[in-house]
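Q: Attaching a single structure in structure tokens format; questions to follow.
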Amino acid sequence: GILLGSILVPLRITLAALFFLIVWPIARLRLAGLSKEERARPVTGWRSWLFHPIVWLLSRAVFFSLGFLWVKVKGRRADLKEAPVLVVAPHSSFLDMLVLFPTQLATVVSRSENTSLPVIGALLEFNQSVLVSRKDPESRKKAVTELIERLTSKGYWPQMLMFPEGTTTNGRALIKFKPGAFLAGVPVQPVLLRYPNKLDTVRWTYKGASWIEALWHTASQFYTNMTVEFLPVYNPSEEEKRDPNLYADNVQKLMAKALGVPATDYVMEGRVPVSTLGGLSLPLASPGRETLSLLRKNGLEAHEIEAALAKIIDRCLSGAQGSKANADELTSILFLKDKQTAVCICGLYSKDETVDLRQLYCSVSALMDFSNFKDLLHSAFKLFDHEGKGSLSSEELSDLMGALFGIPQHNTGALYAAASSRGLLTEENLLQVLTTHPTYQRVVNDYLQPEEAGSQLLLAPAANGKAVNNNGFTHSVNESLHHNKKFK
């Protein structure tokens, strides 16, 4: 890797950059001089047949330069009338965009923030992509309307290509498909991506190699193989047309079966894979469990961990030093031998070398002494009842539940409504709901359990029964749970 990388990487990055610089102004020319109204319609005529093949060729040259010398294609790509949208999975890397070439630069959906990037912004403009801002709810609504309009235009707009997972994974399972590609209820063509190489250098996920490392290792290979497989067009049933989530789930199961991997109910929130239940987000890898593992690897015994937790709650309740701690402070609080473990623990809860000690206390305590959940909730309630008024606001409840699970909770409205009485959420009401309500009782019993009881993870329940579509594919709940068990 060092020998080949020192020679191939500089050469390939230089060539790729050169082709990028050439394609940049050409991509801009396609829409140059058009009014806003004209840009809102699909480009036709000489602007299409002149610039499209040039940009296609130069863009392909970028990937050729990086070592993707050829792409193996299986199956037949459906035409626009057969399938207005292509759904591609698994999504493993920014290099997956190579799939655009066998699909003749199909239109994509992209973050609006990407339009400010050099070259990429020009290519998105050239592609007449549907743009959406993840931070703006109004932008999402507008994008959904535009998406449905394009997919139901009966050939007026070109074919679209979407990655329904919505983010990159390691490809060993398919996470839950987002319903965007299935909202219009039109036929879709599933497209499978594979990288049949001895070394997997391409994948870029929320953990592991950075995108720079992935690019370096990929460019260090003599060549990188990629296979694109077009599956038969999937025609939705009437039930699936009415329920985009059912439609998405059935296509996910079909593609997972073809790939030979499990289909899971996990989604990504803030780069963390979670399942959802009752509006709560339950992380695949509990920060509390990972913290306990790190503390034990550092040689801490159970009584030392309990002593550290006692120090944390004393500090938080005193209010003198605040609930935030940096890595140096955490090293002292947790009786650690080196700062690096503290840095790793901070990384489980935040993006910098600081941690909210309330999160650390609650998420670890929940796994240390499950029999005292009532006492844990009492302590957590005191930590987040900032004014000592005996009740929590909806925002404070979100913070409390986020501390118990170790990740932010943004959809606790249903829990707040169930636990509040006369507009007040008291500790007694919250405890009653968490221990008696069927949904939240399940969360507490199955997720907030002692570390010794195992690491069984809670998956979002599916509806009972089966749904059969026009393709004869049956979605069985039992089969889904079987795949999830294998994944866990």
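Q: Of the conditions (1) part of a helix (DSSP H, G or I); (2) surrounded by 13 or more Cβ atoms within 10 Å (Cβ to Cβ), Val355 clears all except one; give me its number.
A: (1)
Q: What is the residue count in segment 79-100 for residues that are more than 25 Å from the chain's Cα centre (by Cα), surrounded by fewer than 21 Cβ atoms within 10 Å (Cβ to Cβ) and of a type outside the set (Lys, Arg)?
A: Matching residues across segment 79-100 total 3.
Q: Are there any pairs with C-beta distances below 6 angstrom linking a residue in segment 204-223 that is over 17 Å from Pro90 (Cβ atoms) and open to solvent by 50 Å² or more (accessible area, probe 1.4 Å) to a residue that is assigned to a loop (DSSP other than H, G, I, E, B) and among the small types (Gly, Ala, Ser), with the two at least 6 apart or on different chains, and if so which?
A: Hits for this filter: Gln221/Gly67; Tyr223/Gly67.
Q: Where residues in segment 117-135 are free of Cβ contacts under 8 Å to residues at least 12 places away in the same chain and within 19 Å of Phe51 (Cα to Cα), which of them is most open to solvent (accessible area, probe 1.4 Å)?
A: Ile120
Q: Among the residues of segment 375-396, what is the count of those that are basic (Lys, Arg) and in contact (Cβ under 8 Å) with a residue 40 or more places away in the chain?
A: So the count comes out to 1.
Residue-by-condition table, conditions (1) at pLDDT below 95; (2) in contact with a Phe, Trp or Tyr (Cβ under 7 Å, 6 or more places away or on another chain); (3) under 17 Å from Tyr234 (Cα atoms):
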position: Asp136; (1), (2), (3): yes, no, no
position: Ala143; (1), (2), (3): yes, no, no
position: Phe163; (1), (2), (3): no, no, yes
position: Thr167; (1), (2), (3): yes, no, no
position: Gly171; (1), (2), (3): yes, no, no
position: Ile175; (1), (2), (3): yes, yes, no
position: Lys178; (1), (2), (3): yes, no, yes
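Q: Considering only segment 290-302, state which residues are surrounded by fewer than 19 Cβ atoms within 10 Å (Cβ to Cβ) and within 14 Å of Ser365 (Cβ to Cβ).
A: Ala302
Q: Which one of these is touching a residue at least 24 places away in the same chain (Cβ under 8 Å), of a type in the set (A, V, I, L, M, F, W, C) and in contact with a strand residue (DSSP E or B) (Cβ under 7 Å, 6 or more places away or on another chain): Leu317, Leu360, Leu367, Leu330?
A: Leu330
Q: Would you call Ser371 open to solvent by less than 20 Å² (accessible area, probe 1.4 Å), at pLDDT below 90 and assigned to a helix (DSSP H, G or I)?
A: no
Q: Out of the residues in segment 312-325 that are in contact with a Ser or Thr (Cβ under 9 Å, 6 or more places away or on another chain) and open to solvent by 60 Å² or more (accessible area, probe 1.4 Å), which is farthest from Gln359 (Cα to Cα)?
A: Per the criteria, the residue is Leu317.
Q: Another question, then. Can you tell which of Leu161, Leu199, Leu174, Leu192 is under 20 Å from Leu95 (Cβ atoms), aliphatic (A, V, I, L, M) and free of Cβ contacts under 8 Å to residues at least 40 places away in the same chain?
A: None of the others qualify; the one that does is Leu199.
Q: Does Asn114 satisfy the condition of being open to solvent by 10 Å² or more (accessible area, probe 1.4 Å) and over 21 Å from the mean Cα position of the chain (by Cα)?
A: The answer is no for Asn114.
Q: Separate question: Restricting to segment 159-177, name every residue that is open to solvent by less than 30 Å² (accessible area, probe 1.4 Å) and over 9 Å from the mean Cα position of the chain (by Cα).
A: Gln159, Met160, Leu161, Met162, Pro164, Gly171, Ala173, Leu174, Phe177
The values are calculated or read from the model by the stated rules, or taken from the named source; none is laboratory data. All values derive from a computational prediction rather than experimental measurement. Backbone-built Cβ (ideal geometry, glycine too); neighbour counts: all protein chains shown. Note: areas computed on protein heavy atoms with side chains; ligands, DNA, RNA excluded. Shrake-Rupley method; radii C 1.70, N 1.55, O 1.52, S 1.80 Å.
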